[in-house]
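The values are calculated or read from the model by the stated rules, or taken from the named source; none is laboratory data. Remember, it's a predicted structure, so these values are computed and weren't measured experimentally. With ideal geometry, Cβ positions are generated from the backbone for all residues, glycine too; neighbour counts draw on all protein chains shown.
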Amino acid sequence: MKIADYICRIITGAVFIFSGIVKAIDPSGTVYKLQDYFNAFNLGFLSDLSLVFTIILCTAEFLAGFSVLFNIRFRTGIVMVILLMAVFLPLTLLIAITNPVSDCGCFGDAVKLTNWQTFIKNIILIVPALWLFFRRNSVAVAGGVARGWATLSIAGIMLIAFIFYNLRYLPVIDFLPYKTGTYIPDQMIVPEGKPADKYETTFIYEKNGERREFDLTSYPAGDTTWKFIDQKSVLVSKGYTPPIHDFTLVTPDGEDLTERILASPGYTLLMVSKKLEEADPEMLRNGYDMGAICRNNSVDFYVLTASNTEQVRNIGNFLTFLLVDETTLKTMVRANPGYLLLKEGTVLHKWSWANLPAEEEFKEIISENH
């Protein structure tokens, strides 16, 4: 019995700790996933609470697993596990049946599972969890009550601090396809023999109060009387999906600069702001100032955003703005604004608004990589 208890504690505790930690490493990714779920189930009014739910979920999973694995307030921990599983099991079954999003996000971007794989994982995990629950009074409790609660409290505080660190300075481990060292063109290739996804891209423009949809062959490129409103890509047929499959950089006038930027032999700094109106104005000004620094040091600088054309044009300075799908921007860097330094299509550095280097430090970086 004791051996079975020990094995079940390892399995249950390790899975819950891992699930909590990978979410804590990339809390923004969990926020985006929750927002996807809320929108899919017509619960968009909860989107503003996504960060709160993320913190609660990460902390609950981690502490439940920590308690069970290390036998600290074990009975409390296994009750938390069962309560979480009572929510996860029916929810993941519903998600597997309805398929509102492509993957559950239970292990973030570290390990991607389909919705059915997630449900099966929970079916398997409930077995050791129930074993421990029904034997909770037979497991010898380690340490005293006060010491146990103090340990869990410290662990919880440390995890929450870790979450906010990753929110401010980017994830300590980058699970995204645009991580440092990535040669972007390689990640866009569909291997020989693999079918490619086929998308139908539609651009929505407005003129004189009238909105119209255009495809790639008919959108009003260069016609400034039309105002860009939005871009939609609809999957026509599913094929092999490369890690980077939606990297398209287009000016407000419709010029595609993707290949030029990826092939540039010099340095290129991309300032990424999924929505300019959602970013802190001071952080945006710091980014625009970095654009001036880049210009003075022969470094190309572009601002990538999903904001509409009117907002972009109202800024009206020397900066070059490129319109990019919002989901792509969220995948590139978990900050608003965030920054990627490229050279010949390779990501050399990534920064958030909080650790963007000062001018002298930036000069040293580009001189070291010359």
With a cut-off of at least 3 residues that are farther than 25 Å from Phe175 by Cβ and of a type outside the set (S, T, N, Q), name the helices (runs of 4 or more DSSP H) lying wholly within the range 1-97.
2-25
Output yes when any residue across the range 210-221 is of a type in the set (S, T, N, Q) and free of Cβ contacts under 8 Å to residues at least 12 places away in the same chain, and no when none is.
yes
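With Leu113, Leu83 as the choices, which residue is assigned by TED's automatic domain parsing to the domain that holds Ile25, surrounded by fewer than 19 Cβ atoms within 10 Å (Cβ to Cβ) and farther than 30 Å from Tyr178 by Cβ?
Leu83
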Identify, by number, the condition in (1) in contact (Cβ under 8 Å) with a residue 12 or more places away in the chain; (2) part of a helix (DSSP H, G or I); (3) surrounded by 14 or more Cβ atoms within 10 Å (Cβ to Cβ) that Tyr165 doesn't meet.
(1)
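Rundown of residues vs (1) touching a residue at least 60 places away in the same chain (Cβ under 8 Å); (2) aliphatic (A, V, I, L, M), yes/no style:
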position: Tyr6; (1), (2): no, no
position: Val22; (1), (2): yes, yes
position: Ser28; (1), (2): yes, no
position: Phe41; (1), (2): no, no
position: Val79; (1), (2): no, yes
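Only residues that are charged (D, E, K, R) and either part of a strand (DSSP E or B) or over 17 Å from Leu319 (Cβ atoms) (or both): list them for the range 219-259, please. Spell out the reasoning first.
If we filter the range 219-259 for residues that are charged (D, E, K, R), which is where we start, we get 223, 227, 230, 232, 238, 246, 253, 255-256, 259.
Listed by number, the residues that qualify are Asp223, Lys227, Asp230, Lys232, Lys238, Asp246, Asp256, Glu259.
Given the options Phe318, Phe362, name the one that is modelled with pLDDT under 90 and of a type outside the set (D, E, K, R). Quick ask: steps written out before the conclusion?
Working: Phe362 fails: modelled with pLDDT under 90.
The conditions single out Phe318.
Condition first: farther than 16 Å from Ala335 by Cβ and crowded, with 20+ Cβ neighbours inside 10 Å. Now tell me which residues in the range 253-271 satisfy that.
First, pick out the residues of the range 253-271 that are farther than 16 Å from Ala335 by Cβ: 253-268.
Those that are farther than 16 Å from Ala335 by Cβ and crowded, with 20+ Cβ neighbours inside 10 Å: Tyr267, Thr268.
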Within the range 231-271, the residues that are closer than 19 Å to Pro220 by Cβ and outside the structural domain of Gly345 (by TED's automatic domain parsing) are Gln231, Lys232, Ser233
Exactly one condition in (1) out of contact with any Phe, Trp or Tyr (no Cβ under 9 Å at 6 or more places or on another chain); (2) surrounded by fewer than 17 Cβ atoms within 10 Å (Cβ to Cβ) is not met by Leu43; state its number.
(1)
Top-ranked residue in the range 328-370 [being within 19 Å of the chain's Cα centre (by Cα) and of a type in the set (Val, Ile, Thr); ranked as nearest to Asp289 (Cα to Cα)]:
Val333
Do we have any residue at all in the range 138-154 that's at pLDDT below 75, surrounded by 12 or more Cβ atoms within 10 Å (Cβ to Cβ), farther than 28 Å from Leu341 by Cβ and in contact with a strand residue (DSSP E or B) (Cβ under 8 Å, 6 or more places away or on another chain)?
no
